[in-house]
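Shown next, in structure tokens, is the structure this report addresses.
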Amino acid sequence: MAKKLSKRQESMLDYIEHFIDDHAYPPTIRDIQRDLDISSTSVVDYNLNALEQRNFIRRNRNISRGIELVGRQVAAPSNLSRIPIVGQIAAGEPIPVPEDSMNFADMETIELSNEMLGSRTENLFGLRVRGMSMIDALINDGDIVILKHQETCENGETVAVWLRDEKETTLKKFYFEGDRIRLQPANAQMEPIFCDPENVEIQGKLVTVFRPYA
């Protein structure tokens, strides 16, 4: 005979069910710890493992909201868009821009209201900002910028670009000036970047900025 769930496990399962009903996405471990007044995230993790072993939930430990109720599919409501966070603005590899058909199961995502996004709800992806180069545009280190995948832009628009020679991605205001491109930071302490057009690959235009709170 299967061992009965403890009171804490029953309360956690009930909390997860109600959270999904209210928000249309699952809670994080910290949500559970805070709202159920549990002493630590390790205690939450231990009891989630117990629920998983008894086939009440499934867990994807690679994403923050990776709890799924067995036999129940969670879908974003019609007024929310689920957007994949595919990387960060920093030196390294080109941004892997996702396709509409991509499965988000193995990728961190964020749900934002369509009112916040306006009419631009397709071909969106998120990037975490590293650095203070756009601070005067109210884009801080640690923010998540939401971009629309596109390969062209107008002067003055804020875009994520891949600099081929430098092998880095940067978020700047874009200006085409004759035989060169100026990538302008929004920080009075920083100088613009001047580039040959052949060195610049536009990867997305800024739609909005989201500031996570711990």
How far, in nm, would the chain grow between residue 49 and residue 23 when pulled straight, counting 0.36 nm per residue and subtracting the alpha carbon separation? 7.1 nm
Label model pair residue 8, residue 60: point-to-point distance (7 angstrom along the Cα→beta-carbon line) in nm is 2.8 nm
Based on other C-beta atoms within 10 Å, arrange 128, 180, 61 from fewest to most. 61, 180, 128
Want the number for residue 152 to residue 39: 0.36 nm per residue separation, take away the alpha-carbon distance, what's left? 35.6 nm
What does the C-alpha gyration tensor say about the overall shape of the stretch 7-69? Classify as rounded when a/c is under 1.5, otherwise prolate if a/b is larger than b/c, or oblate. rounded
If a paramagnetic tag sat 7 Å from the Cα of residue 165 along the Cα-Cβ line, which residues of the stretch 189-206 would have the backbone N under 12 Å from that point? 194-200
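Here, each number is a calculation from the coordinates, and none is a lab measurement. Everything numeric here is computed off the predicted structure, so don't read it as measured data. Cβ coordinates were reconstructed from backbone atoms using ideal geometry, including for glycine residues, and neighbour counts include every protein chain displayed.
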